[in-house]
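Nothing in this text is a laboratory measurement; each read-out follows from the coordinates by a stated rule. Source: prediction; values computed, not measured. Using ideal geometry, Cβ is built from the backbone for each residue, glycine included, and neighbour counts are taken over all protein chains shown.
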Amino acid sequence: MGIAGSGILLALMQLPERLDALLLVSGAIANLITGLSRLGLGVLQLAGVLGVVAMAGFSLLLVVGGLVRLFRALVPPS
């Protein structure tokens with residue numbers, strides 16, 4: 001385990017030589033911001049769709065209620 005840990009540490013110490021750390025971090029932050037903005041846009045679109053569906057359901061409920069009241073007004077009670 002000690003040899004494996006030392007090997008991993010040596011590999012990690014050589015990473016900055018092979019990768020530009022600042023470029024890697026800035027790319028990761030840019031991807032994170034892009035992902036969060038897409039998530040926010042998706043949530044807003046879903047909320048919009050749910051709002052339209054709720055309004056359509058409410059309008060159908062109002063139409064059915066109006067038809068029931070019209071039917072009760074036109075048909076005399078028995």
Exercise. What is the helix-to-structure angle for 2-18, meaning the angle in degrees between its Cα long axis and the longest Cα principal axis of the chain, kept from 0 to 90 and rounded to the nearest 10?
Worked result: 80 degrees
For this session: Could you check which residue among ALA54, ALA30, ALA11 shows the biggest mean-square fluctuation in a GNM of the chain with a 10 Å Cα cutoff?
Result: ALA11
Exercise. Under the Karplus relation 6.51 cos²θ - 1.76 cosθ + 1.60, θ = phi - 60°, what is the ordered set of whole-Hz ³J(HN,Hα) values for region 20-32, x standing for Gly and Pro?
Worked result: 7, 4, 5, 5, 5, 5, 5, x, 5, 5, 4, 5, 5
For this session: Answer with a single label: of (1) 19.0; (2) 12.1; (3) 12.8, which was calculated as Kirkwood radius over Cα pairs in Å from the structure in view?
Result: (1)
Problem set entry | MET55 versus LEU32: modelled label distance in nm, points set 7 Å from Cα along the beta carbon direction | 3.7 nm
